[in-house]
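What follows is a set of notes on a single structure, which appears directly below.
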Amino acid sequence: MLVNVMLNAQSLKKKVKQYYSELILLSIIFLFFFELISDFIEAIYALCLLTLSLNENVLSVLFLLSPIILVFFRKNSPDKLLVVVGELLIVCRVLEALLVGIPQIKMIISGIGVGCFLIFLPMFLHHKSKHNEENSGLTLGLGLAIALALSILFRTLGSTIDISTYSWFQLIGWILAVIAAILIIGMVTTEQKTDIDVSTSLERSNNTLKTICLTFGLIGILMMIYFSFASPTVISRWTEGDYFFIILLVILIITLFVLFMTFKRDLLMKLEPWMIWLGNALFIITLVLTIILNQIQFPLSANSYPIDAPPTTILHYIPLILMIVLFPIILIDFTLISRELINGKPTMGKLSGGFTLASLFFLIMIFAHVFTTVYDYIDIIGPLFRDMFWFVYLIVGLSVALPVLLVKKSVFMFKKPVIGLQSRVISIVIVVIAIGTILSVFITTPIPTTPETTTSITVMTYNIQQGYSEDGIKNLDGQLNIIRTINPDIIGLQECDTTRIANGNMDVVRYFANNLKMLSYYGPKTGTGTFGIALLSKYPIQNPRTFFMYSKGEQTATIEAQIQFGTTLFNVFVTHLGNGGPLVQQEAIIGEVNSKNKVILMGDFNFDPSEPQYNLTIGTLNDSWLIAESTDVEYIDDIQYNVNERIDHIFVSPGIIISDCYYIVSKESDHPALWAEIEL
């Protein structure tokens, strides 16, 4: 009997060790997936951005359909193939982060990595279905939660850019890659297989339709996290919500979920299916309300413009907070759906079909998400997505919630956790991640110091082409260097689109403001589908507001704010007009500035000095380029630039004295930077 007890103890110890090794592996694999899919879609968009149209590079999205390859393993898949696919995923994650200057190769490598993940996940589920495990699915749910926490930590440390994919900080990714590479081999070689008769397995397998629905649920959850929660600054830009508060709430909720599933998972058995369904319904409702309340219903008549963006009130915060508090329900969904799939023992063929269709849905929703902003550049189908940002999230939410209806009550029955050293280590790790994330917000958030009294200020306008160089290479630091050489007091940014999957969900305005140690106001909430405009300042930004102009195509907006320099109060406007600089849009802006003194109006106007819009403007304001005591064009790169065709302008009220006005022409963006020095 003593021998049996010792053997059982050794077996239990081995299972516990294997469980936590698997948990670490899955946490890294999920993290790598979010990083790969983010870089993959960003690379495709960047290469299409160069032509302002869908081009051959968009065909690389077919990597998302990689699960169809598993049709060749209809009955079973060898464990060795699982290892090969996992190792290739890890290699792709390491390589693609090194290929910043080669966007097409980066796109291909990250696409292969995404494809490997979409093959790895169904293979892993099938692999687990061959073993009798009482707590199957738990590692997937917990691994996803820890990966999400790591993603938030790395993005917070990098001012919304994942720091583990950037510069020498890539060492973090390499260390994680080595750990995962070792663990993935150990998972297969040390796991004891249970002999299962193939015919019995088939009798117990889920039917095809159920398997497809459950795989849609898993992909829908991954999509929801990728679209928003893996980078909470996305949510803050939907709502103008406080960045620190949202980061704090999200990371605390994730931490509580991990601790609950580590120490109190047996409480899941007390839940009823209707409670899970209700939680999902409330999550979807609060999610959609959070977005809809922050969107604007744009009227069709030009006479109804300009329209002020409504202020953010407590009404906007209520669904936002409820949504974040309810968010762990989809992590529970992932756990339960995974376990339902594993327990059902579907054949590899069914998993292949299910994940292929679910991945096709993923592809369609990625296009839908991107089209809500670039609808004006996509013929025929594009306009259908105008003002439909909320609808994209409704569909994704339903894809998460509906499959939960197929989960049986028996799936809720988890074995009571064995509390040991490994579980305590996991709890310490998640708490350290949470604390590190909170501290990172303080570390990266600038505390601007107002400059001493001066006799002049420097104002700059810069269209940064969504953070890309003229060659389509991600180029935030190159653009920052241009700004630093000028050292402006006020900056107006255009095409500074933030927190969209098309630019990797990074917040370029926050990144610039943090690195320049400046205050910032972004302007239009991202749900409005407006290309980004922002105001950065070394001095306090007072009374900022955003108003929208009439548009038949892409929606446009203007920022207005007051900035005090000594005893002088300036009314600062930043704008980016639509293609061609529509007259009706500039008329709306002039209508706003007519009654104000000390106006600085800057931006990308998309009209040159030969056009009627320009003549309309100089009837009220002066062109800094024409009244400056000194003007010049500084060429950093060998690029042709004709000042008679300039469309980036700084206009000022009569009486404002401009001492210098310069264009800086470089490949850092497809627009020159323009700065003017104003005498006080």
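Each value in this text was obtained by applying a stated rule to the coordinates, not by laboratory testing. Remember, it's a predicted structure, so these values are computed and weren't measured experimentally. Every residue, glycine among them, receives a Cβ derived from its backbone with ideal geometry; neighbour counts consider all protein chains shown.
Could you tell me which of rounded, prolate or oblate describes region 450-679, using a ≥ b ≥ c as the square roots of the eigenvalues of the alpha-carbon gyration tensor, with rounded for a/c under 1.5 and, failing that, prolate when a/b is larger than b/c and oblate otherwise?
Numbers: a/c = 1.16, a/b = 1.10, b/c = 1.05.
Because its axes are fairly even, with a/c under 1.5, region 450-679 counts as rounded.
Please compute, for the alpha-carbon atoms of region 99-166, the extent along each of the three principal axes and give them in descending order in Å.
Principal axes ranked by extent give 47, 27, 10 Å for the Cα atoms.
Identify all aspartates and glutamates with a Cα-Cα distance to residue 408 below 18 Å; exclude those on the same chain that are fewer than 8 residues away in sequence.
Cross-link targets: 133, 134, 203, 266, 272, 333, 340.
To test your reading of the geometry: what angle, between 0 and 90 degrees and rounded to tens, separates the Cα axis of helix 243-263 from the longest principal axis of the chain?
In the chain, helix 243-263 runs at an angle near 0 degrees to the longest axis.
Could you pull out the longest piece of the chain with no exposed loop GluC sites (Glu not before Pro) in it, calling a site exposed if DSSP puts it outside H, G, I, E, B and it has at most 15 other Cβ atoms within 10 Å? Before the final figure, lay out the partial values.
Working: sites that count: 134, 452, 629.
The answer is 135-451.
Quick one: which of 210/270; 474/667; 552/596 span more than 22 angstrom between C-alpha atoms? Kindly include the intermediate steps, with their values, before the conclusion.
Details: 210/270 25 Å; 474/667 12 Å; 552/596 28 Å.
In this structure, 210/270; 552/596 lie more than 22 Å apart at Cα.
Diagonalise the Cα gyration tensor of region 14-443 and give the resulting equivalent ellipsoid semi-axes, square root of 5 times each eigenvalue, largest first, whole Å.
Working: eigenvalues 222, 124, 106 Å².
Semi-axes, largest first: 33, 25, 23 Å.
Roughly what angle does helix 273-292 make with the longest principal axis of the chain, taking Cα atoms, 0 to 90 degrees, to the nearest 10?
Tilt of helix 273-292: around 10 degrees.
Size of the dipole of the chain about the Cα centre, Lys and Arg at +1 and Asp and Glu at -1 on the beta carbon, nothing else charged, in debye to 20? Show your work: numbers first, answer last.
Numbers: 41 positive and 53 negative charges, 870 e Å.
Here the size comes out at about 4180 debye.
Please give the helix 208-224 orientation as an angle from the longest Cα principal axis of the chain, in degrees from 0 to 90, rounded to the nearest 10.
That works out to roughly 40 degrees.
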